[in-house]
């Protein structure tokens, strides 16, 4: 990000005038020199990546809420007051006005990701705070939105130089943390695998893919459950084959008990290594919608052992069926219903075996752990009854992200 001082210098340069020397006003005609002014303006891109209309009392910038009222700085040095969502939307909708907004006016009052109010003194501080926002979605089997992993929010920190990828597939390099923050504020970027991270004990580790990234970040928590029990594909709504009933209480690193209201809040705690344990009793929901209560960690592990008999597969058909489970702990229907019949294949000693499936229950009872779907398959969304055709596991993940 360009230094705010650079913005001010550019701003003041727009008002510089060169006057002709006046020796004798009665005898010399004054000549006016035409000045070409550099009107290039460096804008704070974060203004236009903010989202109003959230009923949060401010403008949402990922995990940050910029509290109303605040002022915006225009390229001519004047300011515009923003008191509510309507003011901001009117400004953005006005091309003539919105196009010459260059920054917020500081200091700026914001709420952080924990709801604590802070004062931001300049653009650099806002950019760093934004870059540290932990993604609560947007990942697939091979893509993960980049954010500033550091010892401030993890037991790991990024090693530079680091390659990132933009939405259009262009690779860019961050040579240091300052470069990384600047790239984050300019546009959405993703980590490029493999890349290296440094543990707080000094060990260097290579992250080969999204699975390894989740495993490393989750390992920073004070307790450890095998990562195969965490369904990161559905945003940590499940432990093994059981859905978490929200809200739930958890123990965090300072020993306090906090209430987690949804899977996004749980995801944030997991990825920054803050989760120490559940505050038992813990309520879970099985596939039939029944509530199950566990009173301590031993009971939780016993319950998770039963998941081995419930879903033993790792193929894409087992991912597909998770979308038929209740969307949340209070619901009775899933994101979609699968349009049967569907066909799966599995390698055997004598060749490829084809199995035709006619119901969710047949999937859950399938004893072939590596069963693979024959595409395309279609599902019917419970929200509006529309039929969606799926042509691969990445499309299944994308649909699950939208649902959960």
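The values are calculated or read from the model by the stated rules, or taken from the named source; none is laboratory data. No experiment lies behind these values; they were computed from the predicted model shown. For neighbour counting, all protein chains shown are included, and Cβ atoms are generated from backbone atoms with ideal geometry for every residue, glycine included.
Figures for the structure shown
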| item | result |
| --- | --- |
| Segment 194-203, subset touching a residue at least 40 places away in the same chain (Cβ under 8 Å) and either under 19 Å from residue 131 (Cα atoms) or not assigned by TED's automatic domain parsing to the domain that holds residue 145 (or both), residue surrounded by the fewest Cβ atoms within 10 Å (Cβ to Cβ) | 198 |
| Members of segment 291-306 found to be modelled with pLDDT under 80 and not in a helix (DSSP H, G or I), listed by number | 306 |
| Segment 249-260: number of residues that are assigned to a loop (DSSP other than H, G, I, E, B), within 23 Å of the chain's Cα centre (by Cα) and surrounded by fewer than 12 Cβ atoms within 10 Å (Cβ to Cβ) | 0 |
| Residues of segment 264-289 that turn out to be more than 30 Å from residue 152 (Cα to Cα) and modelled with pLDDT of 80 or more, as a count | 4 |
| Hits in segment 356-377 (condition: assigned to a strand (DSSP E or B), surrounded by 15 or more Cβ atoms within 10 Å (Cβ to Cβ) and modelled with pLDDT of 85 or more) | 357, 373, 377 |
| All positions within segment 136-165 that are in contact (Cβ under 8 Å) with a residue 60 or more places away in the chain, touching a helix residue (DSSP H, G or I) at 6+ places or on another chain (Cβ under 8 Å) and in a loop (DSSP other than H, G, I, E, B) | 136, 137, 138, 139, 140, 141, 142, 143, 144, 149, 154 |
| From the options 214, 236, 246, 190, residue that is modelled with pLDDT of 90 or more and surrounded by 16 or more Cβ atoms within 10 Å (Cβ to Cβ) | 190 |
| Residue among 77, 53 that alone is at pLDDT below 80 and in contact with a helix residue (DSSP H, G or I) (Cβ under 8 Å, 6 or more places away or on another chain) | 53 |
| Members of segment 375-389 found to be under 23 Å from residue 345 (Cβ atoms) and in contact (Cβ under 8 Å) with a residue 24 or more places away in the chain, listed by number | 377, 378, 379, 388 |
| Test: residue 180 is under 14 Å from residue 216 (Cβ atoms) and in contact (Cβ under 8 Å) with a residue 12 or more places away in the chain | no |
| Residues of segment 133-147 classified as surrounded by 21 or more Cβ atoms within 10 Å (Cβ to Cβ) and out of contact with any strand residue (DSSP E or B) (no Cβ under 7 Å at 6 or more places or on another chain), total | 2 |
